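The values are calculated or read from the model by the stated rules, or taken from the named source; none is laboratory data. It should be emphasised that the depicted structure is a prediction, and the values quoted were computed from it without experimental measurement. Because the Cβ atoms are built from the backbone with ideal geometry, glycine has one as well, and the counts that use them run over all protein chains shown. What goes into the accessible areas is simple: the full protein's heavy atoms, side chains included, and nothing from ligands, DNA or RNA. Shrake-Rupley method; radii C 1.70, N 1.55, O 1.52, S 1.80 Å.
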There are 2 protein chains.
Amino acid sequence: MTPRARQAIEDAEIIVGYDTYLDLIKALLPAKTTIGTGMMQEIDRCQAAVDKAMTGKQVAVISSGDPGIYGMAGLVLELVGKQPAARQPEVEVIPGISAVGAAASILGAPLMHDFAVISLSDLLTPWEVIKKRVEMAVAGDFVIAIYNPKSTRRTSQIETVREIALKHRQADTPVGIVHHATRTKEDMTLSTLDNFTKEHIDMFSLVIIGNSQTYTANGKMITPRGYHV
Amino acid sequence: MTPRARQAIEDAEIIVGYDTYLDLIKALLPAKTTIGTGMMQEIDRCQAAVDKAMTGKQVAVISSGDPGIYGMAGLVLELVGKQPAARQPEVEVIPGISAVGAAASILGAPLMHDFAVISLSDLLTPWEVIKKRVEMAVAGDFVIAIYNPKSTRRTSQIETVREIALKHRQADTPVGIVHHATRTKEDMTLSTLDNFTKEHIDMFSLVIIGNSQTYTANGKMITPRGYHV
C-alpha cells in the first residue's frame, strides 16, 4: 500500500469495501465506520459509498490491487454520474499495485514487452467477446495476463485459451501461475502452454502466458525487451 | 512509492539508476553510493549493478513506474543469467505503481475492462511487429494504452495508430493523454480518436484509447465494466 492510499484511509470517516479486504486492513480501522458487504454486491456497496459522500462525509472505497484496473473506480464514477450535477461528490482515484504487476514481479520479468490483460469472467461480458480478444491477443504475439481464469462453476474457458494459443505458439511457451500475489499465502508455478491447465488454478490465480520470445531461466520467467546482451 | 520499495532503497549500499530518477529520490540517498547514467545506457547501468552485486554488495536498481513493466527488471535478470551459476546474485523484483495505472487514475476509470499495453518505440522492436499489435488490439476492441507514443525523431507512428483505430472505432471514441503522471508537472487532456493527435504528445506522454463502450462524463473517462446501473 502506498503512503497516499494509507493517508486516504486515515483521512476518511467511512470505509467501504468487500468484507475480506476490510479484514486485511483492520489494523488501520480502529475508530472508523465501516460498511462491508459480500462478493457480488458491488453495486450496493458503491451506492452506499456515494450516498454517504452526498451527505458530506469523507468516504474511502477500497479495492485490492489497483482500483483502476477491473476495480471499483469505474462503478463509483458511474454511480456518481447518475446523481444531480450539483450534488455529485468529488472522486479521487488512487492507483495501487496492480495484481498483474504483483504477479509479474513474483514470476520474474514477463511484462518487459507489449501485453494484453483479459478477464475470463463471463458474468458481465459475453464469452464470444472474451474469446475474440484471446484470439487477437494470441495473433498479435502479446504476452497475455489473465484475470479470473477459472472458478468452481467456470472451468472450460481456460482450456479454450490454451487451445487457441497453441495454434500460434510453441507448446513449451512459458506460462506462470500466481496465487495471492504479495499476500502471506503467495505462491507461484512455472509451467508451459501445453501443460499449465493441469496445475491448480482458481479464482485467486493470475495466469501469464509468454509471447514467442519469453523464456525461463533459474526459475524466472523473462520476456526480453530486445536489448542485445 | 511503497514502503517495501523505500525499505529496499534504504537497505541497499549502492543505488543504480538513470540520473533523472536518482534526482527524484535524492532525499533518500544522503549516505549512499550512487551510479547514475544517462538515457540509452541501460545495459551499462544494469551491468554495473550486477558487477557490484557479485562483489557481495546489496544493490538497488531503480526504475520509474513499475520496474516489471517495460522496466529494468528484465535486463537485470538477463545479465545475471549470463554469469557463472555459482556466482549469480539473488534478484528481487519489487512492483511499483505502473505508468499506465497512474495515468488511468488521473483520467478517471478507463481500464475497467480488458486492455492492451503497447510501446510505439521502434528502437528495439520492428515497426511491423508493433503495427500488427495495434491492428489486433483494435480488432479485439481492447482499451489501448500506449507507452512512448512520440518523440522528436519519431512522429508518424501515432498517426498510423489513429488511422488503424478509426477503421474500427467511432471518431468520437474518447482518448486520454497524460503527461508526468503523479509528478508535480502532471497534466491530462481528454480528446477523441479523430482529434487527439493534434494535442501535445511527447516522450513523457501516455495515451489511452477507449474501447467501443468508453465514454466521458464530467471530465472523466470511463470504460463500463458492464454492471447494470
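Return the residues of segment A:24-46 that are open to solvent by 80 Å² or more (accessible area, probe 1.4 Å) and within 19 Å of the chain's Cα centre (by Cα); say none if nothing qualifies. Step through it out loud before you land on a result.
Of segment A:24-46, the ones open to solvent by 80 Å² or more (accessible area, probe 1.4 Å) are A:24, A:26-27, A:30-31, A:39-40, A:44.
Listed by number, the residues that qualify are A:L24, A:M39, A:M40.
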*All but one of (1) small (G, A, S); (2) open to solvent by less than 40 Å² (accessible area, probe 1.4 Å); (3) touching a helix residue (DSSP H, G or I) at 6+ places or on another chain (Cβ under 8 Å) hold for B:A103; which doesn't?*
(3)
_Residue selected from segment B:13-58 under the condition in contact with an Asp or Glu (Cβ under 9 Å, 6 or more places away or on another chain) and part of a loop (DSSP other than H, G, I, E, B), by the criterion nearest to A:G226 (Cα to Cα)_ = B:M39
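Got a number for residues in segment A:170-194 being over 17 Å from A:A99 (Cβ atoms), open to solvent by 20 Å² or more (accessible area, probe 1.4 Å) and touching a helix residue (DSSP H, G or I) at 6+ places or on another chain (Cβ under 9 Å)?
Adding up the residues that qualify gives 2.
Answer yes or no as to whether A:I94 is more than 7 Å from chain B (Cβ to nearest Cβ), under 18 Å from the mean Cα position of the chain (by Cα) and among the β-branched types (V, I, T). Walk me through it before giving the result.
Details: more than 7 Å from chain B (Cβ to nearest Cβ): no; under 18 Å from the mean Cα position of the chain (by Cα): yes; among the β-branched types (V, I, T): yes.
So A:I94 does not fit the description; no.
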*May I ask you to list the residues in segment A:136-152 that are at the interface with chain B (Cβ under 7 Å from one of its Cβ atoms) and basic (K, R)?*
none
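From the list A:E78, A:E10, which one is of a type in the set (D, E, K, R), away from chain B (no Cβ under 14 Å) and either closer than 24 Å to B:I208 by Cα or in a helix (DSSP H, G or I) (or both)?
Numbers: A:E78 fails: away from chain B (no Cβ under 14 Å).
Within the list A:E78, A:E10, the selection yields A:E10.
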*asked:* For segment B:171-195, give me each residue that is more than 20 Å from the chain's Cα centre (by Cα) and hydrophobic (A, V, I, L, M, F, W, C).
replied: B:A171, B:L193
*Residue count, segment A:213-229 (criterion: open to solvent by 70 Å² or more (accessible area, probe 1.4 Å) and in the same structural domain as A:M112 (by TED's automatic domain parsing))*: 4
*Residues of segment B:119-135 classified as surrounded by fewer than 24 Cβ atoms within 10 Å (Cβ to Cβ), at the interface with chain A (Cβ under 8 Å from one of its Cβ atoms) and in a helix (DSSP H, G or I), total*: 4
*Test A:A116 against the criterion of being more than 7 Å from chain B (Cβ to nearest Cβ) and surrounded by 18 or more Cβ atoms within 10 Å (Cβ to Cβ), and give yes or no.*
no
